[in-house]
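Asks: Okay, handing you the structure first.
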Amino acid sequence: MRVLSIVHDEDAGPGVFDDVLSAARADVETWLPARQPGPGAPADAYGAILTFGGAAHPHQEDRHPWLATEKRFLAEALAARVPMLGVCLGAELIAEADGARSQRLPQAEIGWHEVTLTPTGVEDPVLGRIGESFLALEWHSYEVALPSRGTELARGDNCLQAYRIGNLVWGLQFHAEVTPEDFQHWLDHYTDDEDAVALGIEPRAIAEETRGRMAEWNDLGRGICERFLVVAKCARLVRSGVGH
């Protein structure tokens, strides 16, 4: 299956999702919107699209013109009913491509925060196996807005944490993909994030907590990606007419 991976920063790529993509022998193409004008093919050429996090915020099109380019591409993918999975900034951009408007949180969420699935989330084919509540690894200053066509799948104390559009598109505010190495890099350079500085995070304390939770968290992330790929593969078979 041909898969597009949209990467906004070097330390915010597919992470442990790469393990799943490799095991599935997916034909993965990477688009770096900040460096490349567009992906290698139109949206409907892909069997699945994954878009990840990054330091940019969804409204910073004046500072990062590529945000508008990506939103247009994601809107085309939505119209073509391409299966998509967005993480953090990626989830915010998919929602905005569907007409929603993300907004800044009163304060950033960084570190481990409890997330609870909605009744619909518990039945969801991608998220439902996680359990009704779990601690999620977060690093975001904006909250994703629920698209008008979206269904709420999970919430935290402060904001929406996961949604689905139709039966093929998911957005996650939490970082289910991040590797221990990438997250440690974020902590090592937290002073580059003015919101993290304003929050007054304690990187050593977060790193210590993370060491005890990361193996289980990465297993959870791989499971999310595996189940998403199952949905995407089934959708591809339907589109190709197999079984009809």
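Taken together, the values in this text are just the output of simple stated rules run on the coordinates, not laboratory data. Owing to the predicted nature of the structure, the values given are computational and were not obtained by experimental measurement. Reconstructed Cβ throughout: ideal geometry from the backbone, glycine too, with neighbour counts over all protein chains shown.
Asks: List Val231, Val169, Val82 from most exposed to least, where exposure is judged by having the fewest other Cβ atoms within 10 Å.
Replies: Val231, Val82, Val169
Asks: Under the 0.36 nm per residue contour assumption, what length would be gained going from the current alpha-carbon distance of Arg101 and Ala23 to full extension?
Replies: So the chain would gain 24.5 nm between Arg101 and Ala23.
Asks: How far apart, in nm, are the 7 Å Cα→Cβ label points at Asn158 and Thr120?
Replies: Between Asn158 and Thr120, the label points sit 2.4 nm apart.
Asks: Let's test the formula: R0 of 22 Å, r as the Cβ-Cβ distance of Asp192 and Ala34. What FRET efficiency results, to the nearest 0.05?
Replies: With R0 = 22 Å, the Cβ-Cβ based efficiency is 0.90.
Asks: List every residue whose amide H lies under 5 Å from the amide H of Ser102, counting only residues 5 or more places away in sequence or on a different chain, with H placed 1.01 Å from N in the peptide plane.
Replies: Ala145
Asks: Now for a separate question. Please report the relative contact order for the chain, taking Cα pairs under 8 Å with a sequence separation of at least 6, and give it as a percent rounded to a whole number.
Replies: That works out to 20 percent.
Asks: Report Rg/Rh for the range 2-240, rounded to two decimals, where Rg is the Cα radius of gyration and Rh the Kirkwood radius.
Replies: With Rg and the Kirkwood Rh in hand, the quotient comes to 0.93.
Asks: Determine, for each peptide in 152-160, 56-64, the mean count of other beta carbons within 10 angstrom over its residues, then list the peptides with the highest first.
Replies: The packing order, highest mean first, is 152-160, 56-64.
Asks: For Arg213 and Ala41 in one chain, what is 0.36 nm times their gap in residues minus the Cα-Cα distance, to one decimal in nm?
Replies: Computed gain between Arg213 and Ala41 is 58.1 nm.
Asks: Something else about it: Just add up the charged neighbours of Ser133: K/R +1, D/E -1, any other residue whose Cβ is under 11 Å from the Cβ of Ser133.
Replies: That sum, taken over residues with Cβ under 11 Å, equals -1.
Asks: If you take every DSSP beta bridge fully contained in the range 1-151, what fraction is antiparallel? Give it as a percent rounded to 5.
Replies: Just about 45 percent of them are antiparallel.
Asks: Further question: Ranking request for peptides 72-78, 127-133, 206-212, 47-53: highest mean number of other beta-carbon atoms within 10 Å first, then the rest in descending order.
Replies: Top to bottom by mean Cβ count within 10 Å: 47-53, 72-78, 127-133, 206-212.
Asks: Using +1 on the beta carbon of Lys and Arg, -1 on that of Asp and Glu, and nothing else charged, what's the dipole of the chain about the Cα centre, debye to 20?
Replies: 1220
Asks: Checking a compactness column here: for the range 165-244, what do you get for Rg(Cα) / (2.2 N^0.38 Å), N being the number of residues?
Replies: For the range 165-244, the normalised Cα radius of gyration comes out at 1.55.
Asks: What whole-number distance in Å separates the alpha-carbon centres of the range 110-159 and the range 18-75?
Replies: 22
Asks: Here is a follow-up. Once all Cα-Cα distances of the range 1-100 are split into 10 Å bins that start at 0, what whole-number percent is in each one?
Replies: Here the calculated profile for the range 1-100 is 16, 54, 27, 2.
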